[in-house]
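Written below as structure tokens is the structure these notes are about.
Rule-based calculations on the coordinates, nothing more; no lab input. This one's a predicted model, so the numbers in the text were calculated from it and none came from an experiment. Methodologically, a virtual Cβ is constructed for each residue, glycine included, from the backbone with ideal geometry; neighbour enumeration extends over all protein chains shown.
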Amino acid sequence: VTDSWASSLDLHLELPAGGGRRAALERALRAAIRDGRLPPGERIPSTRALAHDLGLARNTVAEAYAQLTAEGYLRTSQGAPTRVAAGGDAPPAGRGRRATPGGAGAPAAPRGTPVRFDLRVGVPDAGGFPRAAWLRALRRGLAGVPDAALAHADPRGRPELRAALAAYLGRARGVLAEPDRIVVTSGFTQGFGLLCRALGPGTVAMEDPCLHHLRAIAPAAGLTVAPLPVDEQGARPDPPDAAAAALVTPAHQFPLGATLAPRRRAALVDWARRTGGIVIEDDYDGEFRYDRQPVGALQGLDPEHVVYAGTASKTLAPGLRLGWLVLPERLVAPVLEARPLVGGDTPVLDQLALAGLIAGGAFDRHVRRMRQRYRRRRDALLDTLAGRRVRGVAAGLHLVLDLPPGEEAPLITRGAEEGLALDGLAAYWHDPKDRPEGLVLGYAAPPEHAYAQTLAVLRTSLPR
Ligand SMILES: Cc1ncc(COP(=O)(O)O)c(C=O)c1O
């Protein structure tokens, strides 16, 4: 037991005598972590040492630690001391994530600065994952699955999941979906790779700005990328006539956050009908909307010219690697033919668990709960940014803070010095030269208990 721990003990762990000692210990530890008095990464004493110091049974302390670990406050790994979980339990900058803070075009965090606070875009709050419901659905799915389903994966995905998705997407997103037109994928990233192979060679129009790692997929599949400019009404609906496809994010443009204007929705569909091109609708965060009526899927306007693409990466967890494509009839066979080229099928048991989660209503309940959590976080972030220019706030799990020229890169560096990981806009432009600057602030990444502190660090990092 270190001296600093001893002082924390005196302050925070005055446990009342008598019953409820374990609960009191949990409360005290939670409070100390929330207040930042036990900072992220701090080692905490062994159960033996703490039990001795507090006059508790060792089991009581172990149970309290297990509870706090399950809640995301503590991090345990075999053979290593128990520590306070980092903000989001994030890996050090640049490791284990798709993008370093600021993405490819922005400065990386100084070497060795661990990420303690994480406002990067792209991940939901993993602490909110519905573990118990998932386990129940998995157990039920496994108990009921015929042996044959374990022996051979259906390249379209499990029929149970396709049926559940067809019903859910029709109800919740206005997608016209038949189970036979659905192909389950390992996330949208794989789905886009499949589509590129099914559509190529040719040109794909991609929003400018857009998610950078998607921009790298098309050329790998033999397609040329053409930029599709974006303004406050979303993507411009005029891809080149010769383009095979246009990839758009109509519900919440990534990353700028506009909703595609109704006229442009119609114009894009007209483009596809006129030219024989395909609109690919990336509905990556369509379930999360706050200030407005839900915007239904563009696919509902014309399912023979629009591919609807969804993912579990924002609603559940990106680590699941689960997504789905709802395809025009003419693309079903080419997508299935491309499947072996991009790494094969999606694990059967995970599909069954998701099917059960959706069909049993637990998925809807989870999304509603997380929507409330993210709305609260968005509001707190807006308070922190009061008086500054922001956009894309009505939906999704991120918003954009506009910055004057020359401020983006220094701000990311300043944040990194404080252990705060930030994404800038630069990486998302097709060519970042002379493009508007800003931060893309993902407010879903931190665990609940670290969020207030994360915003406090952001506040001190921002220019006055
Ligand atoms: C614009 C966009 N599309 C799609 C996705 C989802 O990709 P995947 O399903 O491969 O995790 C993300 C996730 O970060 C995203 O930001």
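Tabulated values for the structure
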quantity	calculated
Interchain or long-range residues, amide H under 5 Å from Ala245's placed H	Thr203, Ala205, Ile278
Estimated 222 nm signal from helices in the chain, with DSSP H stretches of n ≥ 4 weighted -39500 (n - 2.57), rounded to 500	-12000 deg cm²/dmol
With Cα atoms, 0 to 90° folded angle of helix 348-359 axis to the chain main axis	90
Under Karplus coefficients 6.51, -1.76 and 1.60, residue-wise ³J(HN,Hα) of region 403-415 in Hz, glycine/proline x	10, x, x, x, 9, 4, 4, x, 5, 5, 5, 4, x
Within-9-Å neighbourhood charge of Ser186 [Cβ basis; K, R +1; D, E -1]	0
Magnitude of the charge dipole, the chain, Cβ model with Lys/Arg +1 and Asp/Glu -1, debye to 20	920
DSSP beta bridge pairing in the chain, given as percent antiparallel to the nearest 5	55
Contour excess over end-to-end distance, with Cα ends at Asp180 and Thr69 and 0.36 nm allotted per residue	35.7 nm
Listed residues Pro81, Gly300, Leu211: farthest to the positive end of the dipole of the chain (Cβ charges)	Pro81
Check: region 232-299 dipole with +1 on Lys, Arg Cβ and -1 on Asp, Glu Cβ, in debye	280
Computed lengthening from Leu336 to Arg139, 0.36 nm per intervening residue step minus Cα-Cα distance	68.0 nm
Per-peptide average of other Cβ atoms within 10 Å, ordering 454-461, 114-121 highest first	114-121, 454-461
Cα gyration tensor category, rounded, prolate or oblate, for the chain with a/c compared to 1.5	oblate
Tensor-based shape of region 168-316 (alpha-carbon gyration tensor, a/c under 1.5 rounded, otherwise prolate or oblate)	rounded
Farthest positive-ward along the chain dipole, Cα basis, beta-carbon charges - from Ala355, Pro240, Gly438	Ala355
Residue order, fewest to most surrounding Cβ atoms within 10 angstrom, among His152, His398	His152, His398
Cβ-based exposure ranking for Met370, Met206, in which fewest neighbours within 10 Å come first	Met370, Met206
Cα-based helix-to-principal-axis angle, 131-144 vs the chain, degrees rounded to 10	60
Shape category assigned to region 263-323 from the gyration tensor of Cα positions, a/c cut at 1.5	oblate
Centroid-to-centroid separation of region 331-405 and region 138-179 [C-alpha atoms, Å]	20
Counted charge near Gly406, where neighbours are those whose Cβ lies closer than 14 Å (Asp, Glu -1; Lys, Arg +1)	-2
Total charge dipole magnitude, region 264-311, about the Cα centre, Cβ charges on Lys, Arg, Asp, Glu only, Debye to nearest 20	260
Segments 72-85, 266-279, 135-148 sorted - mean Cβ within 10 Å per residue, highest first	266-279, 72-85, 135-148
Proximal charge balance of Ala355 [Cβ under 12 Å; K/R count +1, D/E count -1]	+1
Relative packing of peptides 47-55, 160-168 - highest average C-beta neighbours within 10 Å first	160-168, 47-55
